[in-house]
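Visitor: Provided herewith is a single structure, encoded as structure tokens, for subsequent inquiry.
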Amino acid sequence: MTPDKEGLPSDRPSEEEEADTITRETSVAEAMGQVDIPVCVVNEDNDLLVTAESMASCRGAQTIAVVDDQGRLAGVIPMRLLVAELYLRVAPEEFLLGMRAFENIEEFGKISRAQTAGELMQPPVYVTAQDSARDAFVKMHETDLVGLPVVDEEMRVIGYLDRLQLMRLWLDKHRKWAEGRPGHGHRGQASTEGSV
């Protein structure tokens, strides 16, 4: 809320709230355009070597989209989980030290048995191009994923969105909003209005 002329709270949103509302309502499709990050898609039957090679070739992607035989999203593999599987035999003591909670024991069991992308994947988490940037952020935050596949109405993967793109979107929207306001520069810059 912005204080009115007498310093009392008014019903008018603050300048920051206005800019945040603009960002909140922006679509995933627009956010995807902020930074070009390729989507990494593998079939659930791919072995983990092929899965790792695919991930390595998709610079910037942090989450793998796993699809079924019809090309529909079946699950996701965060890079941290894939790297954990690859390094399980390299540094097993690190996994054993970290198994204090049941979730860690369950994850260790899954990692140690996985041979294919389908065996390593987690349940599907995704957004559509029409979802809002807010929806995408909430899903990433709730699932601790850095990025999400973007799917169409048939659950086919059409793109990728991650936290870097959301950060760039926020910066872009706030800059444009600030530049469009008379007498206001970027945050941290003094206004030159009224100076000689």
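Visitor: Full extension from residue 29 to residue 141: what is 0.36 nm times the residue separation minus their Cα-Cα distance, to one decimal in nm? Can you show the working numbers first?
Guide: Working: separation 112, 0.36 × 112 = 40.32 nm, distance 1.91 nm.
Net length gain for the segment: 38.4 nm.
Visitor: For 156, 89, what ranking results if the residue with the fewest other Cβ atoms within 10 Å of its Cβ goes first? Before the final figure, lay out the partial values.
Guide: On the way: 156 15, 89 9.
In increasing order of surrounding Cβ atoms, one gets 89, 156.
Visitor: Check residue 64: other-chain or 5+ apart residues with amide H under 5 Å from its amide H, H built from backbone geometry?
Guide: Here 77, 79 satisfy the definition.
Visitor: Taking a label point 7 Å from the Cα of residue 158 along the Cα→Cβ vector, which residues of region 32-51 have an amide N closer than 19 Å to it?
Guide: 32-42, by backbone N distance to the label point.
Visitor: Going by how many other beta carbons lie within 10 Å of each one, how would you line up 126, 87, 160, fewest first? If you can, show how the numbers build up before the last one.
Guide: On the way: 126 19, 87 13, 160 24.
Exposure proxy ranking, most exposed first: 87, 126, 160.
Visitor: Please rank 158, 64, 77, 37, fewest neighbouring Cβ atoms within 10 Å first, as an exposure proxy.
Guide: Numbers: 158 14, 64 28, 77 24, 37 19.
Ranked by crowding around the Cβ, least crowded first: 158, 37, 77, 64.
Visitor: If I stretch the segment between residue 59 and residue 115 completely, what's the gain in nm (0.36 nm per residue apart, minus their alpha carbon distance), one decimal?
Guide: Details: separation 56, 0.36 × 56 = 20.16 nm, distance 2.36 nm.
Net length gain for the segment: 17.8 nm.
Coordinate-derived values only; no laboratory data. For clarity, every value in this text was computed on a predicted model and none was experimentally measured. Every residue, glycine as well, gets a Cβ built from its backbone with ideal geometry; the counts of neighbours run over all protein chains shown.
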